[in-house]
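*Asks:* Could you have a look at this structure, given as structure tokens, before my questions?
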Amino acid sequence: MAQFNRWLERLKTAKLFAIDTETTSLDTLQAKIVGLCFAVENPEDKNSHLACYIPLTHDYEDAPKQLDLTMVLEQLTPILEDENILKCGQNLKYDWHVLQNHGISLKGMQFDTMLESYTLNSVATRHNMDDLALKYLNHRTTHFEEIAGKGKKQLTFNQIEIKTAAPYAAEDADITLQLHKTLWQQLEAEPKLKAVFTDIEMPLMPVLAHMERNGILLDTDMLAKQSEEITLKLAELEQKAHLIAGSDFNLNSSKQLQVVLFETLELPILKKTPKGQPSTAEPVLAELAEQGHEMPILILEYRSLAKLKSTYTDALPKQIDPQTGRVHTSYQQAVASTGRLSSTDPNLQNIPIRTAEGRRIRQAFIARDGYQLVAADYSQIELRIMAHLSGDEGLLNAFAQGLDIHQATAAEIFGIELDQVTTEQRRSAKAVNFGLIYGMSAFGLAKQLNVSRGTAQEYINLYFARYPGVLQYMENTKEHAKEAGYVETLKGRRLYLPDINARNGQLRQYAERTAINAPMQGTAADIIKMAMIQIEAWLNCTEFDIQMLMQVHDELVFEVAENQVEAVKKEIKTIMESALTLKVPLIVEIGQGKNWDEAH
DNA sequence: GGTATCACG
DNA sequence: ACGTACGTGATACCC
């Protein structure tokens, strides 16, 4: 107790302290505190740290009596909720959730070592503490598995003896503080990266935490019905396929399918997988189907239905939190090299939309009673960014006039008037526009459009002749990448390209395409992240009954009280469109409905 | 645990 | 001559 009081004083007066929560589980909404650890700079020696572990709810047999959790949290709450007492941590979003589970709103989250590492080098694959300690401090930490075991027999933290847990936990807090010092020094040497960290990544973290906690409601009856229907259709398709093959086989196994297609039925092998196996991927089966073979048609339909069932209609209901009745995704903020977010458990960023069957799954994402879903998405954001970054006059004009950009591109490429553009020409122009964003090759465009490579090259040449600024920009970007070894977004987010000068042509070309794509994809990520931060600030001071639920790269989804939808839409649109001022207008399309499909 | 496939922007 | 459009995550096999 005396020690705890001493630490209370230390934390109250510290300029900055590291915090780490030890918990019963890793589930953000269920995890409860087992112990708390803190680290501060040693006031008597700036080069060393003081770290402590406060065991609270270890409950193995013969565990010693520990300080009372409620009392400890009560004493700590004013410190944890004081935004002027700064905290650092490793993946603070997790600690925020854990404390939230105990009714505490952690504030003053100033530095997250995971995000510091990600901002410094987004290409590095892992930003977990053990790897960071090794990389930046040349220190090998004790891994959780070493004290808890692994696999089925792994202990949860409450089952670990305090004498083992304490040094492990204290090390974590100490290392976090050390890491922060090192990483922050590196960020301070790079003002633009420091701004990305301070102005975007750190303020975004609590926004994501709130969205995760909000979750979204699913219509489980609807999904169950869809599953049943799909099951029936799958059985029919399977029966037909077995009949044609003359034997029973597993339609889910690409290996067994290879045998049936290319040995039993002797269909031509059109493509091989990287491992040299005959490919049965979608484009191959589509081509075989076009040649008039029946089996590939069956397989394609079977696969698309099996995907919907296993990944969505069956899997999503299992992810519903029993306490809240909603699904709570986890947003990964330090994964995608371009600066985008990713979503896991479940991934809510790849819910079907492109087919009618798939859209039925979106219809099961619903608003609760008395509320509507509002979906707001940026229109053509990456092409607008390309117009801005390249400064190409033609492209800037097209956006300034509010033209349908694919139609305008078609008119330019084919040298005709806007109203003369056919559906087919617009489709080709759209593919060219997408290709530009991806660092297109004539081969890739040809494949996409199903035209000859020569024709594809012709489109590309025509495009660059009409939009010379874009060609210039692409050349400049590659040039810059080769000299600097990285490219950056409009906000200065950096993406390193170690292979940009590689002797291996394949690696180099891959890096060149990334050099083209990353500034556009990454700037779009910057923009929506800034919009999210501003929307959150507005939400925190508005009386409107609204929650932000999801982010899907260029789209935000909200749940809004029915009678406030119109007012709220106007505000969201304004904030999103003015998140960043470009040389072209940013346009947000916004809709509402009882479900996510309707809201589009 | 790697490979193939397919869902999204 | 070669391999070829950017970024993700989940699921099913199969070793």
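*Asks:* Cβ-Cβ below 7 Å, separation at least six or inter-chain, first residue in the range A:353-371 and in contact (Cβ under 8 Å) with a residue 40 or more places away in the chain, second in a loop (DSSP other than H, G, I, E, B) and more than 16 Å from DNA strand B (Cβ to nearest atom): which pairs?
*Replies:* Close Cβ pairs (under 7 Å, with a partner that is in a loop (DSSP other than H, G, I, E, B) and more than 16 Å from DNA strand B (Cβ to nearest atom)) amount to A:A364/A:D219; A:I366/A:D219; A:I366/A:K594; A:A367/A:K594.
*Asks:* Now, a different point. How do the pairs read when you match residues in the range A:379-399 that are among the β-branched types (V, I, T) with residues anywhere that are surrounded by 22 or more Cβ atoms within 10 Å (Cβ to Cβ) and in a helix (DSSP H, G or I), using Cβ under 7 Å and keeping only pairs 6 or more apart or on different chains?
*Replies:* Partner pairs satisfying both residue conditions: A:I381/A:A524; A:I381/A:I527; A:I385/A:M520; A:I385/A:T523; A:I385/A:A524.
*Asks:* Exactly one condition in (1) within 16 Å of DNA strand C (Cβ to nearest atom); (2) in a helix (DSSP H, G or I); (3) surrounded by fewer than 19 Cβ atoms within 10 Å (Cβ to Cβ) is false for A:L243; which is it?
*Replies:* Exception for A:L243: condition (1).
*Asks:* For the range A:268-286: of the residues being within 15 Å of DNA strand C (Cβ to nearest atom) and assigned to a helix (DSSP H, G or I), which is farthest from A:Q256 (Cα to Cα)?
*Replies:* Here the answer is A:P283.
*Asks:* Kindly indicate which of A:L223, A:L257, A:L234 is within 12 Å of DNA strand C (Cβ to nearest atom) and modelled with pLDDT of 95 or more.
*Replies:* Just one listed residue meets the conditions, A:L234.
*Asks:* Counting residues that are more than 30 Å from A:M205 (Cβ to Cβ), which helices (runs of 4 or more DSSP H) fully inside the range A:327-412 reach at least 3?
*Replies:* Per the criteria, A:356-362, A:393-400.
*Asks:* Taking A:I546, is it surrounded by fewer than 17 Cβ atoms within 10 Å (Cβ to Cβ), at pLDDT 95 or above and within 26 Å of A:A367 (Cβ to Cβ)?
*Replies:* So A:I546 fails the test.
*Asks:* Any chance you could count how many residues in the range A:338-384 are more than 9 Å from DNA strand B (Cβ to nearest atom), under 30 Å from A:M440 (Cβ atoms) and in contact with a helix residue (DSSP H, G or I) (Cβ under 8 Å, 6 or more places away or on another chain)?
*Replies:* 6
*Asks:* Return the residues of the range A:287-326 that are of a type in the set (K, R) and in a helix (DSSP H, G or I); say none if nothing qualifies.
*Replies:* A:R303, A:K307, A:K309, A:K318
*Asks:* Inspect all residues belonging to the range A:483-504 and state whether any of them is part of a loop (DSSP other than H, G, I, E, B), within 21 Å of A:L395 (Cα to Cα) and more than 27 Å from the chain's Cα centre (by Cα).
*Replies:* No: zero hits.
*Asks:* Among the residues of the range A:570-600, how many are touching a residue at least 12 places away in the same chain (Cβ under 8 Å) and closer than 29 Å to A:T338 by Cα?
*Replies:* Number of matching residues: 21.
*Asks:* Output yes when any residue across the range A:420-434 is closer than 28 Å to A:Y118 by Cα, modelled with pLDDT of 95 or more and not β-branched (V, I, T), and no when none is.
*Replies:* no
The values are calculated or read from the model by the stated rules, or taken from the named source; none is laboratory data. Everything numeric in this text was worked out from a predicted model, so none of it was measured. FYI the Cβ positions are ideal-geometry reconstructions off the backbone, even for glycines, and counts take in every protein chain you see.
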